[in-house]
Amino acid sequence: MQQVTLAESEEKLQRYPKELNEALREAWSAVSGTLSDEEMAAWVGWGVAIAQQAGRSWEAAREYFRASPAAVQALPFVHLKQWGYWGNALAEESPAASSAYFRASPRIVGTLKPWDVPEWAQIGRRLYGRGRRSGVLTTRYFEVSGDLLSVLSFSELQNLVGMMEAIAERSVDEAASFLSLSSEVLPTLREDTRSCLSLISSLLGREWQQATGCLQVVGEALARVERVERSRYLSLVGRVAENGGVNVPAFLRDSSAALGQLEGYIHVHVLNMADSLSRVDHAVVLDYLKGVPQVMRRVSINQLETWYETGVAILKENPEGGAAYFKGESSRSEEVLEKLSTGVELGRVKEVMRLYCRALSALDVEIAAHQAEEAQGKGWVALEKMMAEGATVYLPPVAERFGNKDENFDWYKVVATHQVAHLEFQSFDFSFDRQATQFSDMRSRLLPVPSEDDGEAELVDGRAVGLADIQRFFGLFVDGNLARDIFTAVEDCRLDYRVKVEYPGIRQAYAGVQHLALAERPRLEELPAREAMVELLIRFSLQQGRELMVPERYAGSARALWDIVRPLSSPHALVEDSAEATIRIYQIISQVPNEEVPDEEWQQGDFPDEQTPWESMSDEEWEQLLRELMEAQQQSGEGEEQPYESPPQVDYRGEFKPELMQVISMLRESQRERGAKGETISKGEMERLLAEANQPVTNNQGVDPQRRGMFVTDLVKEVGSRGTPQGAIQQTTMAYDPSYDEEEQGGPLEIKEPASFLYDEWDYRMSDYRSRWCLLREKDMSEGDSTYFTATLDGYAALASQIRRQFELMLPQGLQKVKRQQDGDELELDAVIEAMVDKRSGTSPSEKVYVRRNKVQRDVAVVFLMDMSASTAEAIDESRRLADEWDAPDDPLEYMFWLRSRRGEGVRRSYKRIVDLEKESLVLLIHALETIGDTYGIYGFSGYGRENVDFFVIKDVQEALSDRVKRRIDKVSPLQATRMGPAIRHAVTKLDQLEARTKFLILISDGRPQDRGYSREGVEKEYAIHDTRVALLETRRRGITPFCLTVDKEGHDYLRSMCQDMGYEVLADIHSLPRRLPALYRSLTV
Amino acid sequence: MAETDTYTSYRTEEYVVKEEPFYLPVGDEVELFEVAYSQQMPVLLKGPTGTGKTRFVEYMSYRLGRPITKVTRSRRDGGQSKGSSVPLMTIACHEDLTASDLVGRYLLEGDETRWMDGPLARAVKVGAICYLDEVVEARKDTTVLIHPLTDHRRLLPIDKRGEIIEAHAGFLMVLSYNPGYQSALKDLKHSTRQRFMAMEFNAPPPELEAQIIEHESGASASVSLALAKLGEKVRNLKDHGLQEGVGTRLLIYAGKLINNGIAPRRACQVAVTWALTDDQQVQRSIDEVINSIFE
Ligand SMILES: Nc1ncnc2c1ncn2[C@@H]1O[C@H](COP(=O)(O)OP(=O)(O)OP(=O)(O)O)[C@@H](O)[C@H]1O
Ligand SMILES: [Mg+2]
């Protein structure tokens, strides 16, 4: 063969764009050294041939040349020839594919064995043969080959292409995106690539559509799985998928998300179980995996295994039960967990703790879970959250420090007991006037003599507001923060001692918790001197009296502190003793500079348990002691003085804010007084008081003003509207609202429509009725769906039948013996004897000597009056998700209706509201009432303002239970406000129409009465309560027994004054309403 | 008095309390009652169960210088009517108690009939304190008797004999009544209530209650104090899961159990927790209070 020159070659390619020749030139110089002349000729020839194939095949030729240097390098000539050949063949079909082929080549020839290169090319060619749109596939194939071959062997690539071809059978587009995805994803999977491929190949038989989906999520999914477990995880997925019917991408996503929540080292165990589970029943594997994080929050890994095995055992017996078990839906699973777990969840013991705190303190104490972040700022007893008369005790959501349940529970108990001890032992009742029992009175002598212009009371907003005693007390100190820290430590000393004396039963647990707390205290030697002294006090309060490090120089002072603190460990010590101790300790500690103490100056100090009892020192002795201490301290002091920092809180004790508490109770007091006069506290005033009370916070930490603003508003709410539900009309402000008078100045109203009624209303300020003051409109409740009724009964099937049975028992078996009748089935022995006796003794005997078995007629009529105010829309916490189970009717037809009606409602509610429980209770009650035949009516009420009281008829007293009634119940829903008076009065007129011997009016509400001009702060709240009370009294006067049932926790507060000697009940737990209402009815009427 | 092997039975008229009943005054109730008695003012004792109402009346009857007789209602009682003075009649009311059970009835004796006074009639005649325990339980027709006796008339009509008895100067009617009942059908009528001076009995303060427990149960002072403390705490749960707080009587039971070797926690559980409620949550809370107070 003859030699070709570059020029000749260029000549041949002259008619193509310049680029081609440029590419040729560049390649020429690169390859000419390697190829022989002959080979050069062949090489150029192929290029020319390619260029000549078709319109744009010159581009392929250009790529050919560009790829050539690498190809020539890597391939022996035989293979180079084939390489060129296949390129040419491709160009014949598709120049674009050919271009892609050559473009990919440089990387490929470096990776594949030379003899595989033609094979690789051929695959592309084969793909092209697939017909329409196959060019895309071919091109894509070449494009991604480089990336893929970096992680796959050639045969694996062939495999992958095989999969892709399988997909392409159904959809070329799908196949193309599968390829691209593969190249993106597979390289990131590294060692798991193969497992992933085998997972995908296992899918291809049936579930080919899922292949791409899998690829999309697999990378992300694997990232969440512990590295070494990834491939077995994939094979687990594969095994589960094998059975078909599994949404594999979703499986990957969900199961890995679950694993991601677990510590990596646990994965192996979890997957082991999953593996064996997949052999029992592959369908539950996902539920199992999804459930594990939840379970692991409560139990250890070993216990997880027990839980798992129990589940498997159930699964083998009863597949459905097992499935429910792993879904976490079966109570069995719950039981097992409960038994296994050592932690105690607050939710489970909350009610017990609440009652426990209530028992100890006689106050309504709310138990709330504190969130970690919140705890920082607030402490656990967020006393600013004072409720009506109680406090909130914050406890962590789980107690799990100890290895068993009892100890964890005890820990809760200790925390709660300590916090409640503040209330029980009157930490907040500090008074300047009360004598301390262990110390002489120093504080009142320190009090500055009040001068004319600096009286105790300040004028704010034109009225005098005194300072709380405790504020005056802290006012005695230059360094208020130091004094507060001392006071806190010292008061804790007193309380902890007191608790241990009063409650010997938890002494041990208490000591345990104190011990734990000690372990978390900062090391004394690391603190500057003054802080160390304060810390020392805290150690004392935690019962540490030994092995305490004390700076040599201050040993005497430390000893004095110990002597001062000890008398507080007396059952008679009062908060005033803590105050006196604080003064003395302050006098010592404030003289201690807050300087670093060199290491060698620390010495270990032991403070003996047995001590000479504290003798009340005379002032002279005390001063003498102080002087001595000062002298001892004088010796040196070259360390650098540091700013004083308060010690970290003792974790079980929470934050202690005596000033705030006193201010709040003062506010409440003055609120009560002013409320009677119709005045309220202004926000400005409140803010000022708080600023003072809350000084440590506002001074030191630069609380951001916004937060503070919020806090003030919260407080306004707490003090002002204790427990007022957030009704539609509650835009209440503390400020006196002048518009109120105008609004209420209107005169009597008139009836303009039918079915309207006018009622008087009681104004306690006038001690008289305002006549024709309220306009009430009676309306039929609109109708919803009667399936609500049946569905509710279904949902409560067990309870419903239980209640019904109990009601049936109220009927004495249908027949009752009635003694002393004129005639009857039997003679009554006692009566006959009596008659005989009478006859003998000459008196005329009674003829009533028979016993008759009578059908007993209960003669009871009752009206239920339901509060439909907006506040009943409040969600109740629905921790156990029973809702959806019972909500949906079983009957398919009913289900359709139900579904439709739900959709009609727009948003599907997944939570329950107060009103829902009210309704459910009514349904149960109706169901039971029907068995005993009492006459009953059900009405709802709501409204807005005195001219708009709506009275909804759900079931009129005269009406029989019909489908219409059932449909109306469905529609009961929260509306507006609660003006109880007129509704009660109207209900009374309903009962008046009836002849029954015994009549009841049962009012079911969720809060105090409130409405526009009926319930606002101060005077109106009183107004509403008075009017409601009077309405209830009217009821009773008419021979009807009223009874108020409320689900408002603060109900005691106003019901006590509203109902006084009439019946009422506050439900502690709203969930108990469906059970309680029928029970109550029974006990009222038996 | 007739002794048998197994029990001691007394004829109604013969039973006399020889010793002063232990009663620890909590407030001015003794003084009030004395005045009421001297002024012939009927007394209503209100208060939850086990707060010492019955004990108080026993004590007062002793204190007022009178022996005591207990009457359990027994219809065909063969006792004689004449002669004996019966200064305190305690009548436990129940729903079958009729007017003639109170007033009296004719009895057959061979072919003869003989009238026998009921406890009320006897009390009226001899001038006794007539104590109707749990009066709301009695049948409504008994109020017909109560009314004329408890206003200025102080008369007991005996229809069957066509008689009216004027009450002896020493006669006093005392009712007890536990307002804790929720049944509206069992409320006292106002016309009845307003014939009585009312005294409220509530749980005594812990120190006093501890003394009572100590005296009645024989438990040690510290145990008694702890029990009184328990009582105080449990009463805080009234209306919060408990319908009724714990009465002194139950605390005494607990004291007796402890005094006889039962572990304190267990004793309180059976005598207090379980006796008070069936609600598990509330039970658990009470148990926790017990566990805190007792080791
Ligand atoms: N003040 C007291 N002094 C002495 N003992 C008392 C006192 N209060 C209560 N007790 C004791 O409590 C027990 C119960 O008292 P009592 O039987 O008098 O109660 P009650 O009020 O009559 O109760 P109930 O309403 O159930 O009949 C008595 O046996 C007595 O031991
Ligand atoms: Mg009694």
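Test A:K339 against the criterion of being under 27 Å from the mean Cα position of the chain (by Cα), surrounded by fewer than 20 Cβ atoms within 10 Å (Cβ to Cβ) and within 14 Å of chain B (Cβ to nearest Cβ), and give yes or no.
no
Selection of helices (runs of 4 or more DSSP H) fully inside the range A:106-187 by the criterion of at least 3 residues being in contact (Cβ under 8 Å) with a residue 12 or more places away in the chain and over 23 Å from A:A91 (Cβ atoms) returns A:134-151, A:154-170. Of all residues being of a type outside the set (S, T, N, Q) and at pLDDT 85 or above in the range B:134-153, which is nearest to ligand 1 (Cβ to nearest atom)? Just the residue, please. Result: B:I146. Remark: pairs (first residue in the range B:249-265, of a type in the set (A, V, I, L, M); second residue assigned to a loop (DSSP other than H, G, I, E, B); Cβ separation under 8 Å; 6+ apart in sequence or on different chains) = B:L250/B:G50; B:I258/B:A219. Filtering B:L251, B:L188 for residues that are part of a loop (DSSP other than H, G, I, E, B), of a type in the set (A, V, I, L, M, F, W, C), under 29 Å from A:A1079 (Cα atoms) and more than 9 Å from every other protein chain (Cβ to nearest Cβ) leaves a single hit, B:L188.
Mind checking whether some residue in the range B:281-290 is crowded, with 22+ Cβ neighbours inside 10 Å and more than 11 Å from chain A (Cβ to nearest Cβ)? Taking every residue of the range B:281-290 in turn, none turns out to be crowded, with 22+ Cβ neighbours inside 10 Å and more than 11 Å from chain A (Cβ to nearest Cβ). Listed by position, the helices (runs of 4 or more DSSP H) inside the range A:1-67 whose residues that are of a type outside the set (S, T, Y) and crowded, with 18+ Cβ neighbours inside 10 Å number at least 2 are A:18-31, A:37-52. Annotation note: of A:R494, A:R523, A:R498, the sole residue that is basic (K, R) and under 15 Å from A:Q649 (Cα atoms) is A:R523.
Considering the range B:223-245 alone, what residues qualify as being within 11 Å of another protein chain (Cβ to nearest Cβ) and in contact (Cβ under 8 Å) with a residue 60 or more places away in the chain? Of everything in the range B:223-245, those that are within 11 Å of another protein chain (Cβ to nearest Cβ) and in contact (Cβ under 8 Å) with a residue 60 or more places away in the chain turn out to be B:A226, B:K229, B:L230, B:K233, B:Q243, B:G245. Each residue in the range B:43-60 was checked for being within 7 Å of ligand 1 (Cβ to nearest atom) and outside any loop (DSSP other than H, G, I, E, B), and 4 pass. When B:V174, B:V234, B:V223 are screened for being modelled with pLDDT of 85 or more and not in a helix (DSSP H, G or I), only B:V174 passes.
I'm trying to understand the selection: among the residues of the range A:328-367, which are assigned to a strand (DSSP E or B), over 27 Å from A:E309 (Cα atoms) and β-branched (V, I, T)? Correct list: A:I367 only.
Residues in the range B:108-141 that are away from chain A (no Cβ under 14 Å) and within 16 Å of ligand 2 (Cβ to nearest atom): B:I129, B:C130, B:Y131, B:L132, B:D133, B:E134, B:V135, B:A138. Can you work out which of the residues in the range A:291-309 that are among the hydroxyl-bearing types (S, T, Y) and surrounded by fewer than 19 Cβ atoms within 10 Å (Cβ to Cβ) is nearest to A:P397 (Cα to Cα)? Here the residue is A:S300.
The values are calculated or read from the model by the stated rules, or taken from the named source; none is laboratory data. Worth saying up front: this structure is predicted, and the values here are computed from it rather than measured. As a convention, Cβ positions derive from the backbone with ideal geometry for all residues, glycine included, and neighbour counts pool all protein chains shown.
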